[in-house]
Amino acid sequence: MITTILVPATGSDLDIAVFRSALTVARAFAAHLEVLHVHVDATAVAAAMVSDAGVGVGATVIGMVDQIEQDASRREAKARQSFQEFCAREQVVLADTPIAQGAPSAQWVRQMGDQAYWVAELGRSADLLIIGRRTDDPGVSVDTIETALFGSGRPVLISPAAGLATLPETIIIAWKATPEAARAVGAAMPLLSTAKQILIVTVAEDQGSDEEGARLLTSLRWHGFNVSMSRLPPGPQGAASTLLAAAAEQAALVVIWEPMGIVGCVNGSSAASPDMSCGVPRCRC
């Protein structure tokens with residue numbers, strides 16, 4: 001069951017799409033959204049920049065701190081306004097303690113310091129993290145996503161640029177018989193329970209067999225899921241790209257184990273790619 005979802009709000013143009021994806025998931029589970037904004041420590045950031053550049057202290061550094069703080073304050077104000085307007089528009093109840101209403105709720109959480117640290121730190125107590133990422137948007141950094149993934153121990157959904165309006169009815173499990181893949185499927189079980197169809201996809205390699213996928217298929221059918229299986233030849237760009245391309249064709253949510261690059265969601269709206277900046281939504285764990 002997904003009960004709490006951590007959602008970083010950066011003050012970028014991508015925030016609304018991330019909020020939309022988060023609310024779509026939250027509505028399916030009546031979950032609580034913890035919308036986190038991390039206000040950067042201007043002094044620490046300036047000190048790091050000065051250290052890297054080898055610049056001496058003085059008026060230049062003071063001016064740098066002031067500029068960083070002004071930019072950070074603008075981002076925070078924009079992020080909070082976007083959050084408040086989104087919740088008002090979508091009629092999401094604001095609450096910082098559990099409420100028994102069978103509908104999503106949300107709260108604003110503010111921390112000061114390093115974004116990656118706080119996303120991972122607070123993410124450990126959430127059931128799911130939903131993060132936005134695009135190469136042309138100054139939102140959550142790749143470092144933050146990687147820290148959230150490896151530091152929180154929780155699944156991380158990478159929201160598509162347009163957000164998720166609905167949960168896809170088809171879920172593809174990119175499967176290989178490894179502990180990482182098993183953990184990924186376990187983390188995705190709440191989402192699997194919402195699917196009308198589940199497709200287990202394996203990529204033919206030197207090792208492994210159809211029996212690996214067949215065992216998972218049998219196990220998931222015991223859960224009452226509608227499951228089928230497909231085995232693909234490896235593509236020229238590797239197993240991850242092959243699996244994501246298959247998911248994009250199916251307009252599906254895809255579960256992929258982390259050493260391959262993701263545990264995630266695909267809506268088929270853009271070309272599949274294992275790169276986190278592409279338009280395909282993914283949930284890594």
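Every number here is computed from the coordinates shown, using simple stated rules; none is lab data. As the structure is a computational prediction, the values presented were derived from the model and not from experiment. Ideal geometry is used to build each Cβ from the backbone, glycine not excepted, and the neighbour counts take in all protein chains shown.
Packing-based ranking of 172-180, 81-89 yields 172-180, 81-89, ordered from highest to lowest mean Cβ neighbour count within 10 Å. FRET efficiency for the pair MET189 and ALA165, taken as 1/(1 + (r/R0)^6) with r the Cβ-Cβ distance and R0 = 22 Å, rounds to 0.45.
Simple spin-label estimate for MET49 and LYS196 gives 5.2 nm between the two label positions (7 Å along the Cα-to-Cβ direction from each Cα). For the peptides 36-44, 93-101, the ranking by mean Cβ contacts within 10 Å, running from highest to lowest, is 36-44, 93-101. Given contacts defined as C-alpha pairs under 8 Å and at least six residues apart, what's the relative contact order of the stretch 4-159, whole-number percent? With pairs under 8 Å counted, the relative contact order is 34 percent.
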